[in-house]
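Visitor: Have a look at the structure that comes next, please.
Please treat every number below as a calculation from the coordinates, not as lab data. Model, not experiment: these values are computed from the prediction. For neighbour counting, all protein chains shown are included, and Cβ atoms are generated from backbone atoms with ideal geometry for every residue, glycine included.
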Amino acid sequence: MKIIVLLTLLITIGFILATGCIGQIKKDNGSGNASISPTNTFTPFVNNTSVSSVNVTANITLLKGPLRVSISGYPVALPVNIDNQIVGIVTKEIPLDLMLDEGNHSVTVCVGVICENETVKIIFAKKSFIDFGDRLKEDIEFPTPTARIIDYYRSGDGIVVVVEFINPSSRDLNMGADVSVAYTFISGRDNQRVGEATRGKASAFVPAGQRQSPSTNLYFAFGNAYLFDPPQLGQITAY
């Protein structure tokens, strides 16, 4: 009987203890091990400011200065080239007036393949001048294709005439010129002095920017005691 009561007491105590442990576990599960989602109180900073690319063009006005280009009566109109760009025409009567940015500029005028060049410094509000006239007259005496007699002399029963053909243009040319000489002589038939003229043609192939000087023979009529005037050029052709 005592044993049964003791066993009953032990079972009761064990049940109580077990119940307490289970309650403790449930309590722990409710307080510590339960899945609790924390509330996120941090709000990330989002920069909603839209930054656009802004192109800023600096409006800088360059200072300019005046320039006058002239050719002092040179007999042809010429294009004026500033820094490899044609900017206008200068004539023997009318100079070319320009406004250029401050600084150094290359100024060029050309006759065919022959050019005259000068560098000029432009300064604000100070007028600059360039005159190519003297240089053009010295270096390019003839601005267009032409011919001239540079020598002549008696040879046997006639005369030799040396004609210089001048080609200042930018292309090769076939050039020609009529040549004539007036003269007098004593005729062998009646022993009287009579007047006459002899004519011929000089010609040459002349490359661009060059000169050629061929000789041409002109012959007198039969007689003696020849007297002749300086030879003359007639029509000049170039093609």
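Visitor: Any idea how far apart ARG199 and ASP101 come out in nm if each label point goes 7 Å out from Cα toward Cβ?
Guide: The modelled label-to-label distance comes out at 6.1 nm.
Visitor: Suppose the chain between ILE150 and ALA208 were pulled fully straight at 0.36 nm per residue; how much longer would it get relative to their current alpha carbon spacing? Could the numbers behind the result be given before it?
Guide: Values: separation 58, 0.36 × 58 = 20.88 nm, distance 2.03 nm.
Stretched fully, the ILE150-ALA208 segment lengthens by 18.8 nm.
Visitor: Counting DSSP beta bridges in segment 64-139, what percent are antiparallel, to the nearest 5?
Guide: Details: 24 of 28 bridges.
Counting DSSP beta bridges with both partners in segment 64-139, the antiparallel share is about 85 percent.
Visitor: Calculate, in nm to one decimal, what ILE86 and ASP131 gain on full extension: separation in residues at 0.36 nm each, minus their alpha carbon distance. The partial results should precede the final answer.
Guide: Numbers: separation 45, 0.36 × 45 = 16.20 nm, distance 1.71 nm.
Gain on stretching ILE86 to ASP131: 14.5 nm.
Visitor: Any idea what the dipole of segment 53-171 comes to, in debye rounded to 20, about its Cα centre with Lys/Arg Cβ at +1 and Asp/Glu Cβ at -1?
Guide: Details: 11 positive and 15 negative charges, 60 e Å.
In debye, rounded to 20, segment 53-171 gives about 280.
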